[in-house]
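First comes the structure, then the notes that go with it.
The values are calculated or read from the model by the stated rules, or taken from the named source; none is laboratory data. Values in this document were obtained by computation on a predicted structure and should not be read as measured data. Counting neighbours? That spans all protein chains shown, and the Cβs are built from the backbone with ideal geometry, glycine included.
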Amino acid sequence: MHNHDLAEWSHDHVFDVGSHAAERGTRLVMWITAAMMLIEIVAGWRFNSMALLADGWHMSSHAVAIGLSACALSVVTYDADLTPVRIRQQLSQHHEIAHATIEIHQRRRGE
């Protein structure tokens, strides 16, 4: 039987955990693209410009593609060790924040 040392052929399986800055940047680009798309569509409609309308609708495909990229980034950087208990805790915190925000607005209105 052969007794070979395989240490030189081994490697770690540590993957990149992602970059929150990249995710934020991708979302920002998506919103800028969507805003420009709307501006082009509205301007094309207002000034009867088929070129602006066509480019605006064409930009919708870019906005969707960039949005899918942003979703993919958020999925791959998702906290994989979230347990059902931690998920419930986070949802409970979000519920409390929403409830407090609604209560503040109601008090300001005098309701």
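Some points to look at:
- Any hit, segment 30-46, residues being aromatic (Phe, Trp, Tyr) and at pLDDT 80 or above: yes
- Screening residue 21 against (1) surrounded by 11 or more Cβ atoms within 10 Å (Cβ to Cβ); (2) modelled with pLDDT under 95; (3) among the aliphatic types (A, V, I, L, M) leaves a single unmet condition, (1).
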